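See below for the structure under consideration.
The values are calculated or read from the model by the stated rules, or taken from the named source; none is laboratory data. Computed from a predicted structure; not experimentally measured. Don't worry about glycine lacking a Cβ; one is built from the backbone with ideal geometry, like all the others, and counts go over all protein chains shown. To get the accessible areas, we keep the full protein, side chains included, count just its heavy atoms, and leave off ligands, DNA and RNA. Shrake-Rupley method; radii C 1.70, N 1.55, O 1.52, S 1.80 Å.
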Amino acid sequence: MRAAIRARGAVPAVTAIVRGQPVAGLDDADFERFLSRSGISKVSARDIPWAVARGLDGATTVAASLCICAQAGLPVFATGGIGGVHRVLSGAAFDESADLLELSRSSVVTVCAGAKSILDLHATVERLETLGVAVVGFRTGEFPGFFTAHTGLRVAAVANSAGEIASAFLASRALGRPGALLVVQPPPAAAALDAELVEEAVSKALTAAATAEISGAALTPFLLAEVERATGGRSLAANLALLEANAALAAEIAVALADSR
């Protein structure tokens with residue numbers, strides 16, 4: 001992702017909480033330390049004050065990353081897939097990611113491949129609409145399903161260039177609109193998975209999660225790991241490909257924003 005950003009003339013800045021300090025731009029030593037995962041906690045927006053007060057190391061969710069971007073004045077953020085409304089597990093309470101609320105109040109262009117395939121995508125799209133989050137498809141009229149390009153869920157606006165997205169974001173800011181501009185693009189065609197294959201893998205993962213009584217912050221990583229196992233590693237390959245593609249698009253938007261000023 002960092003190489004893709006640099007190749008397009010932008011500067012990558014990985015967000016994290018480093019020894020209690022919110023950071024936009026991990027240095028190489030900390031970057032390698034975070035990739036080892038040892039002693040690194042998962043930090044959402046609500047967890048930032050506690051992590052700061054305790055001097056913790058934390059890898060940021062989309063919600064926490066948006067908080068840091070907004071505070072640091074970074075206008076563009078790239079991720080894989082956003083969190084959303086979870087599918088209802090047997091006996092489980094309603095579960096919705098904090099990413100959605102944070103998207104409604106952080107003025108940052110957020111580039112992703114839709115919401116993670118393990119989620120209730122229809123409910124997630126409905127919640128984005130309710131929260132007033134503008135969603136723009138990049139060269140697609142559908143809201144992607146992370147590993148899959150086609151979901152049948154339509155988006156209201158389609159952009160064909162980074163410049164169009166930059167213009168829309170600047171217009172949103174000029175109007176004083178709160179919230180992110182959520183830019184969705186499908187995973188690269190060569191890496192995208194068949195929707196039926198993904199649905200079967202997700203179904204098995206949900207059953208495994210219910211059996212193991214997995215919930216809360218542990219649910220998403222558990223489900224993604226189960227889907228990777230069920231697809232023979234193909235979901236991981238798709239994930240890596242879409243991360244790089246999203247980073248490249250985010251860099252192009254950042255450059256277009258800089259050129260517009």
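Look at PRO12 and say whether it is within 30 Å of ALA256 (Cβ to Cβ), out of contact with any strand residue (DSSP E or B) (no Cβ under 7 Å at 6 or more places or on another chain) and not in a loop (DSSP other than H, G, I, E, B).
On the way: within 30 Å of ALA256 (Cβ to Cβ): yes; out of contact with any strand residue (DSSP E or B) (no Cβ under 7 Å at 6 or more places or on another chain): yes; not in a loop (DSSP other than H, G, I, E, B): no.
No.
Could you check SER167 against (1) over 21 Å from VAL198 (Cα atoms); (2) open to solvent by 40 Å² or more (accessible area, probe 1.4 Å); (3) in a loop (DSSP other than H, G, I, E, B) and say which number it fails?
So SER167 meets the others, but not (3).
Hey, among the residues in the range 20-58 that are over 25 Å from ILE82 (Cβ atoms) and of a type in the set (Ser, Thr, Tyr), which one's most open to solvent (accessible area, probe 1.4 Å)?
Ranking the candidates gives SER38 first.
Write out, first by first residue and then by second, each pair whose Cβ atoms fall under 7 Å of each other, whose residues are 6+ apart or on separate chains, and whose first residue, in the range 102-128, is of a type in the set (Asp, Glu) while the second is open to solvent by 30 Å² or more (accessible area, probe 1.4 Å) and at pLDDT below 95.
ASP120/ARG87
Residue check: is VAL158 touching a Gly at 6+ places or on another chain (Cβ under 8 Å), touching a residue at least 24 places away in the same chain (Cβ under 8 Å) and not in a loop (DSSP other than H, G, I, E, B)? Before the answer, list the steps.
On the way: touching a Gly at 6+ places or on another chain (Cβ under 8 Å): yes; touching a residue at least 24 places away in the same chain (Cβ under 8 Å): no; not in a loop (DSSP other than H, G, I, E, B): yes.
Taking the combined requirement at face value, the residue does not satisfy it.
More than 22 Å from ASN246 (Cα to Cα) and either of a type in the set (Phe, Trp, Tyr) or touching a residue at least 60 places away in the same chain (Cβ under 8 Å) (or both): which single residue out of ARG87, ARG33 fits that description? Write out each step before concluding.
Working: ARG33 fails: either of a type in the set (Phe, Trp, Tyr) or touching a residue at least 60 places away in the same chain (Cβ under 8 Å) (or both).
Just a single option satisfies the conditions, and that option is ARG87.
Taking the stated definitions as given, is THR61 closer than 16 Å to ALA218 by Cα, within 15 Å of the chain's Cα centre (by Cα) and open to solvent by 20 Å² or more (accessible area, probe 1.4 Å)? Can you show your working first?
Values: closer than 16 Å to ALA218 by Cα: yes; within 15 Å of the chain's Cα centre (by Cα): yes; open to solvent by 20 Å² or more (accessible area, probe 1.4 Å): yes.
Taking the combined requirement at face value, the residue satisfies it.
What tally of residues in the range 184-222 results from selecting those that are in a loop (DSSP other than H, G, I, E, B) and on the phi > 0 side of the Ramachandran plot?
The first filter runs over the range 184-222 and keeps only residues in a loop (DSSP other than H, G, I, E, B), leaving 185-194, 213-215.
From the residues that got through so far, the ones that are on the phi > 0 side of the Ramachandran plot too are 213.
Within the range 184-222, residues that are in a loop (DSSP other than H, G, I, E, B) and on the phi > 0 side of the Ramachandran plot number 1.
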